[in-house]
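Student: First the structure, which I've put down as structure tokens, then a few questions once you've had a look.
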Amino acid sequence: MLKHGILGLINYGDMTGYEIMTVFRDSLSHFWTAQKSQIYRELQALEKNGWIETAHIEQDGKPDKNMLSITDEGKRELQHWLREDMANSLIRSPMLMKTFFRGECAIDEYITYFKNLMENGSVFPKGSISADSASRKYASVINDPQKALYWKFTIRFGVMYEKMFREWCEDCIRELDELQREKSAD
């Protein structure tokens, strides 16, 4: 998935590794995490696969830079990936896996767990307004309203997901509080 996300970014226009990191941080990081080392490792794999190519650019008074661009084969791979059926991987969540097995813990630990999720489980660590602002900034750079619309859809999903996530945590805490009161009354 990460390699295709990076490929998608480069498809918007030629970029250096640093620029990819910046755009990733301002956009994809809201729903996909990756370390700098992972991104650079994927860039090497993308080039090895023939999906991107590097042009070395010498600069006066500045360090030289490597400009990455997508190849025709890379564009075909991106299109193939975009059309691939993703139904089987709609939800794959370590958080839900842990929640499923939390019956092994004490109720107070459950409550603390859900409170921590609510406080720290944001899709937008810098806020959804920041994500929307970054989206508009990049939309003006590529000047393609259709692509910007899909970015808007992604941000809207994040906002709606965060609302649902908080409500779910509140419901879990409420039920656990009730269970704890019932156990205390016994």
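Student: With respect to THR33, is the statement that it is surrounded by 14 or more Cβ atoms within 10 Å (Cβ to Cβ), of a type in the set (Ser, Thr, Tyr) and either farther than 23 Å from VAL141 by Cα or at pLDDT 90 or above (or both) true? Working first, answer last.
Tutor: Details: surrounded by 14 or more Cβ atoms within 10 Å (Cβ to Cβ): no; of a type in the set (Ser, Thr, Tyr): yes; either farther than 23 Å from VAL141 by Cα or at pLDDT 90 or above (or both): yes.
In short, no.
Student: In the list GLY5, GLY74, which residue meets the criterion of being of a type outside the set (Val, Ile, Thr), in a helix (DSSP H, G or I), surrounded by 13 or more Cβ atoms within 10 Å (Cβ to Cβ) and more than 16 Å from the chain's Cα centre (by Cα)? Even if it seems obvious, please write down each step before you answer.
Tutor: Working: GLY5 fails: more than 16 Å from the chain's Cα centre (by Cα).
Checking each option against the conditions leaves just GLY74.
Student: Please go through (1) under 20 Å from ILE142 (Cα atoms); (2) in a loop (DSSP other than H, G, I, E, B); (3) of a type in the set (S, T, N, Q) for ASN11 and return the number of the only condition it doesn't satisfy.
Tutor: Here ASN11 meets the rest and fails (2).
Student: Okay, next question. Of all residues in segment 30-54, which are over 18 Å from HIS80 (Cα atoms) and outside any helix (DSSP H, G or I)?
Tutor: PHE31, TRP32, THR33, ALA34, GLN35, GLU53, THR54
The values are calculated or read from the model by the stated rules, or taken from the named source; none is laboratory data. In this text the structure is predicted, and so the values were computed from the model without any measurement. Because the Cβ atoms are built from the backbone with ideal geometry, glycine has one as well, and the counts that use them run over all protein chains shown.
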